[in-house]
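Input: a single structure, listed below in structure tokens.
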Amino acid sequence: MDFDFKKSVEEYLVHLSEVEGYVKEAERIRNQTVIPAINELRYAGRYMSEIYLALISGVHSDNSDDVKVVIRDKLRDANFSCLKAKHDVMDAVRGQLHADYMVLRKEFTPSVVRKTLPKHDDMLALGKEIDRCQTDSRKDRDNIDEHYGDMFKNYYPKVLEYLSLMSDPLTIESLHSECKSNRRKSLYTAAGIFLAALGLLVGVAQLLKGP
């Protein structure tokens, strides 16, 4: 049977190292976000354990080709789990970016967020670009990992930057300050309108009263 065990394992280890790096980066900012990816890596680890057991049984097997088939299939499954984990990381941080943004809009109002959140427009543009790439990847499943590779290369660091920015205490403080300022302006405006109305009523009353 034509099967390069060493090469397949090396490819798996490269995939695993790459995905673990992405997971650790996201985990530092939003540890709950990457749970689906971590679960996929656990599946990959289980497949590797099954490969180990197959290797042990292969020592005492009269049919080494059967053992190689098991190992080949389990390595394929392990690699596939790594790829799914990689895709899960990108999908998760993109979803988290949208969720965090909507929370800020709900808490501080859209106008305050739009005015105060640093790089607001750039962040929204990035989200739309990732959405487009994800849609393209699903239309081209034969090359889906290439699409995700491009997303990690071009967008992943920025997504993490914006996630960190939206949870930064300085950002939250700025949003609170802008809300307080808006409330003061609203009170001043309301007070001005009230005084103007009061003055108008007094003037009308004096006119009605006559000389």
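Structural remarks
- Boolean, Asp142 is of a type outside the set (Ser, Thr, Tyr), closer than 22 Å to Ala85 by Cβ, part of a helix (DSSP H, G or I) and over 22 Å from the mean Cα position of the chain (by Cα): yes
- Taking every residue in the range 40-51 that is more than 13 Å from Val23 (Cβ to Cβ) and pairing it with any residue that is aliphatic (A, V, I, L, M) and buried (at least 18 other Cβ atoms within 10 Å of the Cβ), at least 6 positions away or on another chain, the pairs with Cβ-Cβ distances below 7 Å are Tyr47/Ala78; Met48/Ala78; Ile51/Ile71; Ile51/Leu75.
- Some residue of the range 135-153 being closer than 27 Å to Lys6 by Cα, small (Gly, Ala, Ser) and in contact with a Pro (Cβ under 9 Å, 6 or more places away or on another chain): no
- If the condition is being without any contact (Cβ under 8 Å) to a residue 40 or more places away in the chain, closer than 23 Å to Pro36 by Cβ and not aliphatic (A, V, I, L, M), then the range 96-127 contributes His98, Gly127.
- Residue within the range 48-55 that is hydroxyl-bearing (Ser, Thr, Tyr) and part of a helix (DSSP H, G or I) present: yes
- Taken together, Ala92, Ala78, Ala37 contain a single residue that is more than 30 Å from Leu126 (Cα to Cα) and assigned by TED's automatic domain parsing to the domain that holds Leu160, which is Ala78.
- Residue in the range 10-30 that is over 30 Å from the mean Cα position of the chain (by Cα), without any contact (Cβ under 8 Å) to a residue 60 or more places away in the chain and under 20 Å from Asp73 (Cβ atoms) present: no
- The sole residue among Ile35, Ile56, Ile51, Ile71 that is β-branched (Val, Ile, Thr) and either within 30 Å of Ser177 (Cα to Cα) or modelled with pLDDT of 90 or more (or both) is Ile35.
- Filter result for Lys84 (at pLDDT below 90, among the charged types (D, E, K, R) and part of a helix (DSSP H, G or I)): no
- Screening Thr109 with (1) at positive phi; (2) crowded, with 16+ Cβ neighbours inside 10 Å gives one miss only, at (2).
The values are calculated or read from the model by the stated rules, or taken from the named source; none is laboratory data. No experiment lies behind these values; they were computed from the predicted model shown. In this analysis, Cβ positions are derived from the backbone assuming ideal geometry, glycine residues included, and neighbour counts consider all displayed protein chains.
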